[in-house]
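Undergrad: Submitted below is the structure of interest, expressed as structure tokens.
The values are calculated or read from the model by the stated rules, or taken from the named source; none is laboratory data. Remember, predicted model here, so these are calculated numbers, not experimental data. Don't worry about glycine lacking a Cβ; one is built from the backbone with ideal geometry, like all the others, and counts go over all protein chains shown.
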Amino acid sequence: MRELAPVLVVLLLLLVMAAAVSVGIVWLFSGGGSSQQVGTVLVYEIDPGSGLDPPSVDLQEVVEVLSRRINPGWSQRARVSLRDDARIEIGLFGEDPGLQQWIADRVETVGTLEFRILANPVDHTPLIERARAQSSTSRLVTEPDGEVLGRWVPVAQGEEMPLRADPEVVTRQVLREGRQVLDVLVVHDPFNVTGACVQDAEADVDSQDNPCISFVLTSEGGELFSRLTGGNQPNFMSGMVRKLGIILNGQLRSAPAIQTVIQRHGMITGSFSKPEAERLADVLRGGPLPAPLRRAK
């Protein structure tokens, strides 16, 4: 027994140290520790301009989405919580002067994402004729029973030139909010591959070393995406190649040609800066907000 005593003491000390480390980790990530002290507090509310009342919005979902955007993985930049007055409170950890704007960029972006086929004269002649016949102020093309067949989507600034020059893409020029905007006609489909299908996203670079966003879809989203892209393969007899519209926050950001079936992995290219690609990747990884937010007055 005397020989075992030193061994038992060492084991006991190791157990105590492991327990202390575990407690320290729990304490740190639950808000303890100097690095986790709340400094600036930002308060957000449902944007009244959205027409949505707070009771109609799942505010707990809003908290969860913002938490994923702001604190991906093990990082802890802020504490997100729901207040009794139906407002969202974001307490920033630390005193980084750039953190407030960094978080605002991720909170004030709804984060919608859609993958839609661009209308082309070969496959969608009736839809195009109906769209041309409608008023220039109408952005929806619908059946009499209300089914949406397609819609006009504004093209993001800086992305217009390739689409204007493409004869297989249907566009129109309209005046919106005091400036000329290029719209592109997209087709609605039953697959409805949206940001809700995104499992992960990260800032990346494309083959030309330009900033872009790589994404991974869920298994269910990948199945829908493969059916969407599989049904729109190139026509090798005519040489016609169909385009996949990538719509971020209501604007078409890119329209790559569909060359093969795309399943779970893909890339969003366009005229992104590196900070913009990082911001959008964080937004897409966190998921879309159920309602737009604004800073509370």
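Undergrad: Which residues, counting only those in the stretch 265-297, are outside any helix (DSSP H, G or I) and charged (D, E, K, R)? Give the derivation first.
TA: Residues of the stretch 265-297 that are outside any helix (DSSP H, G or I), as a first pass: 265-273, 287-297.
Once the filter is applied, which keeps residues that are outside any helix (DSSP H, G or I) and charged (D, E, K, R), the stretch 265-297 yields ARG294, ARG295, LYS297.
Undergrad: Give GLU108, GLU129 a once-over and let me know the one that is surrounded by fewer than 18 Cβ atoms within 10 Å (Cβ to Cβ) and either in contact (Cβ under 8 Å) with a residue 24 or more places away in the chain or not assigned by TED's automatic domain parsing to the domain that holds GLY266 (or both).
TA: Being surrounded by fewer than 18 Cβ atoms within 10 Å (Cβ to Cβ) and either in contact (Cβ under 8 Å) with a residue 24 or more places away in the chain or not assigned by TED's automatic domain parsing to the domain that holds GLY266 (or both) holds for just one of GLU108, GLU129, which is GLU108.
Undergrad: Considering the stretch 207-250 alone, what residues qualify as being part of a strand (DSSP E or B) and within 23 Å of ASP123 (Cα to Cα)?
TA: ASN235, MET240, LYS243, LEU244, GLY245, ILE246, ILE247
Undergrad: Take the stretch 111-125 and flag every residue that is surrounded by 13 or more Cβ atoms within 10 Å (Cβ to Cβ) and either more than 20 Å from the chain's Cα centre (by Cα) or modelled with pLDDT of 90 or more (or both).
TA: Scanning the stretch 111-125 gives THR112, LEU113, GLU114, PHE115, ARG116, ILE117, LEU118, ALA119, ASN120, ASP123, HIS124.
Undergrad: Scan (1) farther than 30 Å from PHE272 by Cβ; (2) more than 25 Å from the chain's Cα centre (by Cα) for the single condition LEU82 breaks and write down its number.
TA: In the conditions (1) farther than 30 Å from PHE272 by Cβ; (2) more than 25 Å from the chain's Cα centre (by Cα), LEU82 misses (2) alone.
Undergrad: When you look at ARG242, is it within 26 Å of ASP166 (Cα to Cα) and of a type in the set (D, E, K, R), yes or no?
TA: Details: within 26 Å of ASP166 (Cα to Cα): yes; of a type in the set (D, E, K, R): yes.
Here the answer is yes, as ARG242 does meet what is asked.
Undergrad: Being of a type in the set (Val, Ile, Thr) and over 14 Å from ILE247 (Cβ atoms) is the filter here, so list the residues in the stretch 188-225 that pass it.
TA: Of the residues in the stretch 188-225, the ones of a type in the set (Val, Ile, Thr) are 193-194, 198, 205, 213, 216, 218.
Listed by number, the residues that qualify are VAL205, VAL216, THR218.
Undergrad: So which of ILE247, ILE258 ends up being under 13 Å from the mean Cα position of the chain (by Cα), hydrophobic (A, V, I, L, M, F, W, C) and within 21 Å of VAL155 (Cα to Cα)?
TA: Only one candidate qualifies: ILE247.
Undergrad: Which residues, counting only those in the stretch 263-290, are of a type in the set (A, V, I, L, M) and either surrounded by fewer than 20 Cβ atoms within 10 Å (Cβ to Cβ) or at positive phi (or both)?
TA: The one that is of a type in the set (A, V, I, L, M) and either surrounded by fewer than 20 Cβ atoms within 10 Å (Cβ to Cβ) or at positive phi (or both): MET267.
Undergrad: How many of the residues making up the stretch 106-136 are in a helix (DSSP H, G or I) and hydrophobic (A, V, I, L, M, F, W, C)?
TA: Residues of the stretch 106-136 in a helix (DSSP H, G or I): 106-107, 125-133.
Within this subset, residues satisfying the condition of being hydrophobic (A, V, I, L, M, F, W, C) are 107, 127-128, 131, 133.
Result for the stretch 106-136: 5.
Undergrad: Let me ask you something else. Which one of these does THR260 not meet: (1) within 27 Å of ALA165 (Cα to Cα); (2) crowded, with 17+ Cβ neighbours inside 10 Å?
TA: The failed condition is (2).
Undergrad: Can you confirm whether the stretch 126-149 contains a residue that is more than 28 Å from GLN180 (Cβ to Cβ) and touching a helix residue (DSSP H, G or I) at 6+ places or on another chain (Cβ under 8 Å)?
TA: Scanning the stretch 126-149 turns up no residue that is more than 28 Å from GLN180 (Cβ to Cβ) and touching a helix residue (DSSP H, G or I) at 6+ places or on another chain (Cβ under 8 Å).
Undergrad: Then there is this: In the stretch 146-165, which residues are buried (at least 17 other Cβ atoms within 10 Å of the Cβ) and either touching a residue at least 40 places away in the same chain (Cβ under 8 Å) or not assigned by TED's automatic domain parsing to the domain that holds ASP123 (or both)?
TA: First, pick out the residues of the stretch 146-165 that are buried (at least 17 other Cβ atoms within 10 Å of the Cβ): 149-156, 159-160, 163.
VAL153, PRO154, VAL155, ALA156, GLU159, LEU163 - these are the residues of the stretch 146-165 that are buried (at least 17 other Cβ atoms within 10 Å of the Cβ) and either touching a residue at least 40 places away in the same chain (Cβ under 8 Å) or not assigned by TED's automatic domain parsing to the domain that holds ASP123 (or both).
Undergrad: Which ones in the stretch 254-264 are not in a loop (DSSP other than H, G, I, E, B) and not aliphatic (A, V, I, L, M)? Can you show your working first?
TA: Looking only at the stretch 254-264, we keep the residues that are not in a loop (DSSP other than H, G, I, E, B), and these are 254, 257.
Within the stretch 254-264, just SER254 meets the criteria.
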